[in-house]
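Have a look at the structure below before the remarks.
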Amino acid sequence: MNDMNRATVGLLAHVDAGKTTLAEAILYRCGLLRSLGRVDHGDTTMDYDPLERERGITIFAAQAHVEWGGWELTLLDTPGHVDFSAETERMLQVLDYAILVISGTDGVQAHTRTLWRLLVHYQIPTVLFVTKMDLARSSRAELLDSLCRELGDGVVDFSPDNPQRDEALAMCAEPAMEEYLSDGAISPATLGDMLAAREIFPCFFGSGLKLEGIDAFLDTFTALMKPRLWPEQFGARVFKITHDPQGVRLTHLKVTGGTLRVRDSLFYDGLEEKATQLRRYQGGRFTAAEEVLPGQVCAVVGLSAARNGQGFGMEAAAGSPVLEPVMHYRIGLPAGTDPRLVLPKLRQLESEDPMLRLRWDPRLQELSVGLMGEVQAEVLKSLILDRFDLAVELGQGRVLYKETIDKTVEGVGHYEPLRHYAEVHLLLEPLPRGSGLVFASTCSEDKLDRHWQRLILTHLAEKEHLGTAIGAPITDMKLTLAAGKAHLKHTEGGDFRQATYRAVRQGLMQTQSVLLEPWYRFRLEVPTAQIGRAITDIKARFGSFDTPEDLGGMSLLRGRAPVSAMTDYARELAAYTRGLGKLSLQVEGYDLCHDPEAVRAANPYDPEADLDNTPDSVFCAHGGGFTVKWDKVFANMHLESVLAPKREQTEAPRRRLTIDEKELQAILEREFGPIKRPQYSASVWKGISREADPSSEPPSSVSAHGAATFPQGGRLLVVDGFNVIFAWPDLAALAETDLAQARERLMEILANYAAFTRTETILVFDAYQVKGGKGERFDYHSVRVVYTKENETGDAYIERLLHDVGKNTQARVVTSDNLIQVSALRSGVIRQSAREFGEEIDRIYGDIEQFLRSHNRQRMGTIGENLPSTP
């Protein structure tokens, strides 16, 4: 079997079209079954679940493996009922080919059109099999003509007795026409290329129950299939999650490259888990496999958190589904049942079918679930009873509304309780209808590290964000990470979750929410005499339609209408047409709500009272966090707005407010005790020639005769020690191996700087995590060093010190921490980033070297100790 070509083939059909019977016939003719099972007997291989046999329909996709014509085929039998179409769509993501089964007695039906639309969307090569031909009321030619009208060009009769086949095929593609004209026939290789490119859709006729046309179909189909060259690199995609009768979680996947073996490790979402067992299923039974080859399907035991659509290895995750529920139902629990205890159990069902969209509303204290229709609702009740022994009731189905925005806004979320920090700026932009939610990032990695950006995008995608009109999920928007800020010491992963959620919500609060509702695309057939009534009904239901079509005694209306307005119309149609009318409904997607004010009135919602989705932010001051309302966040945020117009960088005049030297001395004595004057004093040094740097307010000035003078008093420098260490590459590298040595090196650098520039320098180290720490103050040559005490952050100490110093252009604080910079701004103190201060240090050291060369001195110790005293 290892040398055989391999393909995954799906069976799709409208409910009761004969799909499961055809699957049974294929399994029988391929030798897998000794006898044919029947749906009405409840003994088919694919419909093995008790619920399926009880109802006589396929509810859960099943698989089987057969061999024919040199191919190993994995057959996936999908549900045919429209309520379970989400299950069908998940199977399409791993199909190589599809067999669309059509009833010879009913032709193309409502759900057939939905399936065809999905096959077009996923670009899956498709063949048609018209079954029940032993019961058909129409001829093969009439059925073929109907298929061509409904499904479009490319449908060609592949019956062995069709003499016009090649001529019809030649009309489907230019290469086929050239080959037909030159050779009089079209080769199987060309036909295989045309099938793979979806230029043709071969159509076969037969009967699954009578085994008519099965062998010819399998022979031709396998001859048309093109072998695939599978890559050697491992890849796989999940298409289904289930639990076996013992509760073991099964992850069904298709291997798309390489080989998967028992005990292999699989990496996803930051997890590493081993495949402890590989199961190959035939209906409800399985055999354990040691390895699974590319192109094969298996169920893996051992993966605890894999999701539907999950990609492994080289395989990317599947995209967003086309189909989604448009109705939601309230789950009524038995009296005395705690919904919070039931919710984790129901999450297990949601992992199997993500479209259930299970929701817990804390305001209403109720559970609700998204469903496709009444049949799925009944099945869900049975599943909950069988699996969890819990009898629930489902309320009346309600339309699931959505919300979007009408203009681009910036959303800001800030989360900064004590010892936490994160700020996120998002751009929220409206997208065309049907776009869903799109996430992107334009934030520079120089501003915010890549791993933080990835975390923010993960938080955007992991949550169902609610709008502000009625609390409905948002859609048709692009959410772009435009800016963000982390703290070197205080930021944790959960901080960005909070900031991200708040940024989305704050952005939504700034614009008018637009209500969307689901719309149907309908096809309505009525007797011509009653077409007027039908038109009146559609208009009354806020629908629109094209010009009616005459079908000979019947009239056809095609159009669109809101889902909410078409409820129970099928029953009304059957009543006034006496069963002659036909209504086909397909969910087209979401569009503008036809009566938004009525919907708002029926669903009152206060977005500011929804504490689980708050738009407010949390800031920190004086060692404690405080809440800032959403409309005040822009006035308090630490980063600039990404939408605000950029102002020209003009230097504003500085206020020359100076602090009295006695006042500064009093502050320093309070912090460090009595001041011991350094061994040097202000002097005039000759031979040093340099220019003052106005941007950094250099402490020295140059006299007219070229000598540098150092003013006494009033000059203060406060340095955030750890911030500077980790901002300077050389110190950061040193800190990785020896943090103490990095601190010593910074103190030495600052001692030289302080001595040379005659600047009172305070170096602050954050020691709030040191258990039992009482804080420490000491002098390192000319630098005053502070270690904060336990539970006192360096930020808080610097903020308090700057507040005491007050507005003073002779005082500077060196840090790249936005928190401290904001405090400095409020205090009127000059702010300088660690990078800018590093550049100044380089300039000062250049002056020091020039000074030493001019005096030709080689002494030990700091520069301050080498400077002579004034005579």
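The values are calculated or read from the model by the stated rules, or taken from the named source; none is laboratory data. Predicted model, so just to flag it, every value in this text is computed and none were measured. Here Cβ is always computed from backbone atoms with ideal geometry, including for glycine, and neighbour counts include all displayed protein chains. Surface areas here come from the heavy atoms of the whole protein model, side chains and all, with no ligands, DNA or RNA. Shrake-Rupley method; radii C 1.70, N 1.55, O 1.52, S 1.80 Å.
State whether one or more residues within the range 542-549 are in a strand (DSSP E or B) and either of a type in the set (A, V, I, L, M) or within 43 Å of the chain's Cα centre (by Cα) (or both). Please lay out each step first, then the result.
In the first step, residues of the range 542-549 are kept if they are in a strand (DSSP E or B); the result is 544-545, 549.
Restricting the remaining residues to those that are either of a type in the set (A, V, I, L, M) or within 43 Å of the chain's Cα centre (by Cα) (or both) gives 544-545.
So far as the range 542-549 goes, yes, one or more of its residues are in a strand (DSSP E or B) and either of a type in the set (A, V, I, L, M) or within 43 Å of the chain's Cα centre (by Cα) (or both).
Taking first residues from the range 34-48 that are within 9 Å of Thr20 (Cα to Cα) and partners that are among the aromatic types (Phe, Trp, Tyr), the Cβ contacts under 9 Å between residues at least 6 apart in sequence or on separate chains come to Asp47/Phe60.
Please state which one of Leu448, Leu427, Leu455, Leu431 is closer than 12 Å to Val504 by Cα and surrounded by 15 or more Cβ atoms within 10 Å (Cβ to Cβ). Before you say what the answer is, go through the steps one by one.
Values: Leu448 fails: closer than 12 Å to Val504 by Cα; Leu455 fails: closer than 12 Å to Val504 by Cα; Leu431 fails: closer than 12 Å to Val504 by Cα.
None of the other options fit; the residue is Leu427.
Of all residues in the range 268-288, those being buried (at least 17 other Cβ atoms within 10 Å of the Cβ) and small (Gly, Ala, Ser) number 2.
The residues of the range 384-405 that are assigned to a strand (DSSP E or B) and among the aliphatic types (A, V, I, L, M), listed by number, are Leu394, Val399, Ile405. If the condition is being farther than 20 Å from Asp612 by Cα and surrounded by fewer than 18 Cβ atoms within 10 Å (Cβ to Cβ), then the range 458-491 contributes Lys478, Leu488, Lys489. Restricting attention to the range 208-245, the residues being open to solvent by 50 Å² or more (accessible area, probe 1.4 Å) and over 30 Å from Pro321 (Cα atoms) number 7. The number of residues in the range 98-140 being among the hydroxyl-bearing types (Ser, Thr, Tyr) and assigned to a helix (DSSP H, G or I) comes to 3.
Within the range 254-266, restricting attention to residues that are touching an Asp or Glu at 6+ places or on another chain (Cβ under 8 Å), assigned to a loop (DSSP other than H, G, I, E, B) and without any contact (Cβ under 8 Å) to a residue 40 or more places away in the chain, which residue is surrounded by the fewest Cβ atoms within 10 Å (Cβ to Cβ)?
Kept after step one, since they are touching an Asp or Glu at 6+ places or on another chain (Cβ under 8 Å), are these residues of the range 254-266: 256-262, 265-266.
This time we only want the ones that are assigned to a loop (DSSP other than H, G, I, E, B), so: 258-259, 262.
Then drop every residue that is not without any contact (Cβ under 8 Å) to a residue 40 or more places away in the chain, which leaves 259, 262.
Values: Thr259: 14, Val262: 17.
That would be Thr259.
Filtering the range 603-636 to residues that are of a type in the set (Asp, Glu), open to solvent by 70 Å² or more (accessible area, probe 1.4 Å) and under 17 Å from Val412 (Cβ atoms) leaves Glu608, Asp631.
For Glu374, indicate whether it is of a type in the set (D, E, K, R) and out of contact with any strand residue (DSSP E or B) (no Cβ under 7 Å at 6 or more places or on another chain). Full working, then the answer.
Working: of a type in the set (D, E, K, R): yes; out of contact with any strand residue (DSSP E or B) (no Cβ under 7 Å at 6 or more places or on another chain): yes.
Yes, satisfied.
Of the listed requirements (1) in a strand (DSSP E or B); (2) touching a helix residue (DSSP H, G or I) at 6+ places or on another chain (Cβ under 6 Å); (3) not aliphatic (A, V, I, L, M), Gly192 misses just one: (1). Is it true that Phe312 is under 28 Å from Trp230 (Cβ atoms) and in contact with a Leu (Cβ under 7 Å, 6 or more places away or on another chain)? Yes: the conditions hold for Phe312. In summary, strands (runs of 3 or more DSSP E) completely within the range 753-861 and bearing 1 or more residues that are at pLDDT 70 or above, touching a helix residue (DSSP H, G or I) at 6+ places or on another chain (Cβ under 7 Å) and of a type in the set (Phe, Trp, Tyr) occur at 760-765, 776-780.
One residue stands out among those in the range 514-541 that are under 30 Å from Glu403 (Cβ atoms) and either free of Cβ contacts under 8 Å to residues at least 60 places away in the same chain or not in a strand (DSSP E or B) (or both): the one that is most open to solvent (accessible area, probe 1.4 Å), which is Lys539.
Please go through the range 579-602 and give me each residue that is touching a residue at least 60 places away in the same chain (Cβ under 8 Å) and open to solvent by 70 Å² or more (accessible area, probe 1.4 Å), ordered by number. Full working, then the answer.
Quick first cut of the range 579-602, residues touching a residue at least 60 places away in the same chain (Cβ under 8 Å) only: 583-594, 596, 599-600.
Those that are touching a residue at least 60 places away in the same chain (Cβ under 8 Å) and open to solvent by 70 Å² or more (accessible area, probe 1.4 Å): Glu588, Leu592.
Okay, residues lined up against (1) among the hydrophobic types (A, V, I, L, M, F, W, C); (2) in a loop (DSSP other than H, G, I, E, B):
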| position | (1), (2) |
| --- | --- |
| Gly579 | no, yes |
| Leu583 | yes, no |
| Val587 | yes, no |
| Asp591 | no, no |
| His594 | no, yes |
| Val599 | yes, no |
| Phe626 | yes, no |
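Of everything in the range 409-419, what is at pLDDT 95 or above and not acidic (Asp, Glu)? Give them in sequence order. Step through it out loud before you land on a result.
Initial filter on the range 409-419 (at pLDDT 95 or above): 409-415.
Once the filter is applied, which keeps residues that are at pLDDT 95 or above and not acidic (Asp, Glu), the range 409-419 yields Val409, Gly411, Val412, Gly413, His414, Tyr415.
Test Glu72 against the criterion of being over 30 Å from Tyr520 (Cβ atoms) and in contact with a Cys (Cβ under 9 Å, 6 or more places away or on another chain), and give yes or no.
On the way: over 30 Å from Tyr520 (Cβ atoms): yes; in contact with a Cys (Cβ under 9 Å, 6 or more places away or on another chain): no.
In short, no.
Give, as residue ranges, the helices (runs of 4 or more DSSP H) completely inside the range 6-97 that count at least 2 residues that are within 29 Å of the chain's Cα centre (by Cα). Counting at least 2 such residues, we get 85-92.
Does any residue of the range 64-79 turn out to be of a type in the set (Gly, Ala, Ser) and open to solvent by 10 Å² or more (accessible area, probe 1.4 Å)? Step through it out loud before you land on a result.
Let us first name the residues in the range 64-79 that are of a type in the set (Gly, Ala, Ser), namely 64, 69-70.
Within this subset, residues satisfying the condition of being open to solvent by 10 Å² or more (accessible area, probe 1.4 Å) are 69-70.
Looking for residues that are of a type in the set (Gly, Ala, Ser) and open to solvent by 10 Å² or more (accessible area, probe 1.4 Å), one finds at least one in the range 64-79, hence yes.
For Thr251, the criteria (1) out of contact with any Phe, Trp or Tyr (no Cβ under 6 Å at 6 or more places or on another chain); (2) open to solvent by less than 30 Å² (accessible area, probe 1.4 Å); (3) outside any strand (DSSP E or B) hold in every case but one, which is (3).
Starting from residues that are touching a strand residue (DSSP E or B) at 6+ places or on another chain (Cβ under 9 Å) and of a type in the set (Phe, Trp, Tyr), keep the ones in the range 167-207 and report whichever is most open to solvent (accessible area, probe 1.4 Å). For the range 167-207, the residue satisfying everything is Phe205.
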